[in-house]
Amino acid sequence: MGGLSYEQSGVNYDRLDGFKRACQRAAAPTATALAALGLSEPPGVRGESAYLVEGSEEFLAHVEEGLGTKNLVADAMAKLTGETGGGSSGYHSIGIDTVATIVNDLITPGALPISVAMHAAVGDDQWFADARRAEDLAAGFAEGCRRAGAVWGGGETPTLRGIVGPEAIVLAGSAIGRVRPKSARIIGDVRAGDAIIMLASTGVQTNGLTLCRAVADRLPDGYLTRMPDGRRYGDGLLDPSAIYVDFIAALQAASIRPHYAAHMTGHGWRKLMRLDRPFVYRIDTVREPPVVFRFIQKHGPVDEREAYATFNMGAGFAVYVSPADVDACLAAARRTGHEAWVGGEVTKQGERKAVEIPSLGLVYEAEALQVR
């Protein structure tokens, strides 16, 4: 069989990003509604991971995000084994993942979460008749909120027969947060010479699962195939995501303000150039990714370029800081239990915008990431 790509597995980011840009154009004029509330939209926020509203004393942040298809792995493992994740349904981890994908976006402008809401759409309300699964999901979502330091404020559980499959659930949610004081806002004032600090992921986290599922279809024992570390492939995919809220909070407590922050989810390492300014992000230190990624690459097969353009490959979050703040930034990561390292440096090459990974021979030019 030939090699696999994310597009071949059913996800075309060019089409998705085109719709996102159309939404941004249509949404921009609605910002005039804020004036009646004594609020305003800061410049440059559209196209970033979180939307900000400016008040007199603080910025309010809002994010809406979806889990994706990771829960289908939990469903498959439950059918294959009757147990997942130490005897649970696997949905405790899925609950944590759902919160993580929301709040890890929310913190990119320096906002700390206040309230998180769940959206759980099913094709048939019989989904909730499996009490263990439903309780695992609720407990995991609550645990994710605790790790994020946020209240679980509510949610919605629609039954969408004819839209969602009868055995499926579509998980998503939203969150509000705030940046206070306003000086703590991460504004994107990146400059040449900034260090790129990368924080470790726990595995695939929540991006690229459609491709991961396509790989399972090519394995002799599917999700039960053993990886080189002895774990089953399905278990490796279901490791819950890291939540990086405590790291950003620790930076703020230490009076360290990153110049930019990137949540390394969809689009993989291309996300390093999300900022709408022309810089070249040169990554000189590439750590060996977790076993699950090399397993995916081998059995897809998925080539190096596709892997780093799709997955986090072991780096779930990145901040760009002044060289003078590097040691303090790494110390904050250690205090909060996150493995971190200096991945590379921001450089200036005229109007060029790109991500370069010389040791892997990879270059992603500006056209590889069109989210604005």
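The values are calculated or read from the model by the stated rules, or taken from the named source; none is laboratory data. Because the structure is a prediction, the values reported are computed rather than measured. Reconstructed Cβ throughout: ideal geometry from the backbone, glycine too, with neighbour counts over all protein chains shown. Areas reflect the complete protein model, heavy atoms only, side chains present, ligands, DNA and RNA absent. Shrake-Rupley method; radii C 1.70, N 1.55, O 1.52, S 1.80 Å.
Some observations on this one:
- Only residues that are at pLDDT 95 or above and open to solvent by less than 10 Å² (accessible area, probe 1.4 Å) were counted across the stretch 85-103, and they come to 11.
Residue-wise test of (1) touching a His at 6+ places or on another chain (Cβ under 7 Å); (2) of a type in the set (A, V, I, L, M); (3) closer than 25 Å to Ile248 by Cα.
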{"site": "Gly300", "(1), (2), (3)": "no, no, no"}
{"site": "Asp303", "(1), (2), (3)": "no, no, no"}
{"site": "Ala332", "(1), (2), (3)": "no, yes, yes"}
{"site": "His338", "(1), (2), (3)": "no, no, yes"}
{"site": "Trp341", "(1), (2), (3)": "no, no, yes"}
{"site": "Gly344", "(1), (2), (3)": "no, no, yes"}
{"site": "Lys348", "(1), (2), (3)": "no, no, no"}
{"site": "Glu351", "(1), (2), (3)": "no, no, no"}
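- Restricting the stretch 230-278 to residues that are acidic (Asp, Glu) and modelled with pLDDT of 95 or more, the residue that is nearest to the chain's Cα centre (by Cα): Asp239
- Beta carbons closer than 8 Å, at least 6 apart along the sequence or on distinct chains, pair a first residue in the stretch 145-174 that is more than 20 Å from Ala111 (Cα to Cα) with a second that is open to solvent by 80 Å² or more (accessible area, probe 1.4 Å) and of a type in the set (S, T, N, Q) for Pro166/Gln126.
- Of all residues in the stretch 188-206, those satisfying the criterion of being touching a His at 6+ places or on another chain (Cβ under 8 Å) and not in a strand (DSSP E or B) are Gly188, Asp189, Val190, Arg191, Asp194.
- Residues of the stretch 135-191 satisfying the condition of being surrounded by 22 or more Cβ atoms within 10 Å (Cβ to Cβ) and of a type in the set (Phe, Trp, Tyr): Phe141
- Qualifying residue in the stretch 192-210 (condition: touching a helix residue (DSSP H, G or I) at 6+ places or on another chain (Cβ under 7 Å), closer than 22 Å to Phe141 by Cβ and without any contact (Cβ under 8 Å) to a residue 60 or more places away in the chain): no
- Qualifying residue in the stretch 10-19 (condition: free of Cβ contacts under 8 Å to residues at least 60 places away in the same chain and not in a helix (DSSP H, G or I)): yes
- Out of Ala121, Ala111, one residue alone is modelled with pLDDT of 95 or more and either out of contact with any Lys or Arg (no Cβ under 9 Å at 6 or more places or on another chain) or open to solvent by 10 Å² or more (accessible area, probe 1.4 Å) (or both). It is Ala121.
- Restricting the stretch 353-372 to residues that are open to solvent by 60 Å² or more (accessible area, probe 1.4 Å) and assigned to a loop (DSSP other than H, G, I, E, B), the residue that is modelled with the lowest pLDDT: Arg372
- Considering residues of the stretch 1-56 that are at pLDDT below 95 and among the aromatic types (Phe, Trp, Tyr) only, the residue surrounded by the fewest Cβ atoms within 10 Å (Cβ to Cβ): Phe19
- Which listed residue, of Ala111, Ala139, Ala120, is of a type outside the set (Val, Ile, Thr) and out of contact with any Leu (no Cβ under 9 Å at 6 or more places or on another chain): Ala139
- For the stretch 224-271, filtering for residues that are open to solvent by less than 40 Å² (accessible area, probe 1.4 Å), within 22 Å of Ala111 (Cα to Cα) and of a type in the set (Asp, Glu) leaves 0.
- The requirement of being closer than 21 Å to Gly268 by Cα and acidic (Asp, Glu) is fulfilled somewhere in the stretch 340-355, by at least one residue.
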